[in-house]
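Asks: Structure in structure tokens, see below.
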Amino acid sequence: MAQDFSFDVVSEYDHAELTNALDQARREVTTRFDFKGTEPSLEQKGAEIVVEASSEDRARAAYQVLVEKAARRGLSAKLFQAGEPKTIGRGRGQIEVKLNAGISDELAKTLQKRAREASPKVQVRIQGDQLRVSAKSKDDLQKVIVALRDDESIPVPIQFTNYR
């Protein structure tokens with residue numbers, strides 16, 4: 001009886017780390033000199049973060065601080081999908097940032113195809129919003145992990161879990 005090895009491909013993020021990154025970004029934008037008088041704010045509303053400041057330029061800068069703090073906490077920049085900056089009341093700038101996580105059906109099929117291209121000996125099953133990749137050899141699984149990790153065209157951050 002040959003043993004199969006497997007792992008799961010998922011797209012999720014650590015909510016606690018996102019909260020910590022938001023808190024650190026808030027702290028930095030309230031103390032930095034270049035944000036003095038701009039009244040910046042970063043608020044999370046469900047699966048969306050609203051970045052506001054006195055102008056669109058300062059809102060973009062506050063968004064950049066958020067991305068930097070998130071990267072230091074191990075969150076991928078692909079997680080944040082920023083909308084276009086817009087001007088709201090009294091000339092204030094606002095950016096709506098959607099949290100981009102989860103594997104859609106089309107993306108799952110694309111990932112399945114890329115995994116098979118990396119190593120034809122693997123079996124890839126779509127299970128809801130994750131993929132289960134299994135093979136007889138750990139080397140085949142490693143080839144798939146390297147191929148998916150190095151692929152910059154994947155629009156969401158992906159993680160590899162349950163490696164057995």
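Asks: Rank VAL10, PHE35, ALA47 by how far each Cα sits towards the positive end of the charge dipole of segment 1-48 (+1 on Lys, Arg Cβ; -1 on Asp, Glu Cβ) and give me just the farthest.
Replies: Result: PHE35.
Asks: Towards the positive end of the charge dipole of segment 123-162, with charges on Cβ (+1 Lys, Arg; -1 Asp, Glu), say which of VAL133, VAL144, ILE154 has the farthest Cα.
Replies: Working it through, the farthest residue towards the positive pole turns out to be VAL133.
Asks: Related question: log10 I(q)/I(0), Debye, Cα-only segment 35-114, no solvent, q = 0.15, 0.21, 0.24 Å⁻¹?
Replies: Each listed q maps to, in turn, -0.58, -0.92, -1.09.
Asks: Among the listed pairs LYS45/LYS109; LYS45/LYS98; LYS109/LYS138; LYS78/LYS113, which have their C-alpha atoms separated by more than 19 angstrom in this model?
Replies: Correct reply: LYS45/LYS109; LYS109/LYS138; LYS78/LYS113.
Asks: About the Cα centre of the chain, what is the dipole size in debye to 20, counting +1 per Lys and Arg Cβ and -1 per Asp and Glu Cβ, all else neutral? Could the numbers behind the result be given before it?
Replies: Details: 27 positive and 26 negative charges, 54 e Å.
Magnitude of the dipole: close to 260 debye.
Asks: Rounded to the nearest 20 Debye, what is the dipole magnitude of segment 75-164 about its Cα centre when Lys and Arg each give +1 and Asp and Glu each give -1 at the C-beta?
Replies: Charge dipole, segment 75-164, about its Cα centre: 220 debye, nearest 20.
Asks: How long are the three semi-axes of the equivalent ellipsoid for the chain, computed from the Cα gyration tensor as the root of 5 times each eigenvalue, in whole Å, largest first?
Replies: On the way: eigenvalues 319, 42, 27 Å².
Here the semi-axes work out to 40, 15, 12 Å.
Asks: For segment 1-66, what percent of Cα pairs sit more than 19 Å apart? Don't skip to the end; give the middle numbers.
Replies: Details: 928 of 2145 pairs.
Beyond 19 Å sits 43 percent of the P(r) for segment 1-66.
Asks: Restricting attention to segment 26-70, which GluC sites (Glu not before Pro) occupy a DSSP loop and are surrounded by at most 11 other Cβ atoms within 10 Å?
Replies: Details: sites: GLU28, GLU43, GLU48, GLU52, GLU56, GLU68; in loops: none.
Taking segment 26-70 and a limit of 11 other Cβ atoms within 10 Å, no loop GluC sites (Glu not before Pro) are found.
Asks: To check my understanding: the extent here is largest minus smallest coordinate of the Cα atoms along each principal axis. What are those three numbers for segment 110-164, in Å, largest first?
Replies: So the three principal-axis extents are 29, 22, 18 Å.
Read-outs throughout are calculated quantities, based only on the coordinates presented, and are distinct from any laboratory measurement. Given the structure is predicted, the values throughout are model-derived calculations rather than measurements. Heads up, the Cβs are rebuilt from the backbone with ideal geometry, glycines too, and the neighbour counts pull from every protein chain shown.
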